[in-house]
1. Which one of Val50, Val22 is hydrophobic (A, V, I, L, M, F, W, C), outside any strand (DSSP E or B) and touching a residue at least 40 places away in the same chain (Cβ under 8 Å)?
2. Taking the range 22-54 only, how many residues are more than 6 Å from ligand 1 (Cβ to nearest atom) and open to solvent by 70 Å² or more (accessible area, probe 1.4 Å)?
3. Can you name the residue in the range 1-19 that is among the hydrophobic types (A, V, I, L, M, F, W, C) and assigned to a helix (DSSP H, G or I) and, of all such residues, is nearest to ligand 1 (Cβ to nearest atom)?
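The values are calculated or read from the model by the stated rules, or taken from the named source; none is laboratory data. Just so it is clear, the structure is predicted and the values come from calculations on it, not from any experiment. A quick note on method: Cβ atoms are made from the backbone with ideal geometry, for glycine too, and the neighbour counts reach across all protein chains shown. Protein only, heavy atoms only, side chains kept; ligands, DNA and RNA dropped before computing areas. Shrake-Rupley method; radii C 1.70, N 1.55, O 1.52, S 1.80 Å.
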Amino acid sequence: MAYKISADECIACGACADGCPVEAISAGDAYSIDPSKCIDCGACADACPVGAPKAE
Ligand code: SF4
Ligand code: SF4
């Protein structure tokens, strides 16, 4: 399992990447999560102002 960022919702603020303990999140027009690194901690979802990271 890994979290996934909804590209339609992400406003590229960077808050999720700053809080990820395993540096799984990459910057871009929309930020993205490497599912091979994500440990499913939920910190990105808690940090995101628009609810873009979703548990899958
Ligand atoms: Fe990083 Fe945790 Fe979000 Fe996975 S759920 S991308 S480990 S902050
Ligand atoms: Fe996008 Fe939310 Fe991450 Fe900000 S915290 S970069 S809006 S997913």
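1. Selected residue: Val50, the only one of Val50, Val22 that is hydrophobic (A, V, I, L, M, F, W, C), outside any strand (DSSP E or B) and touching a residue at least 40 places away in the same chain (Cβ under 8 Å).
2. 9
3. The qualifying residue nearest to ligand 1 (Cβ to nearest atom) is Cys16.
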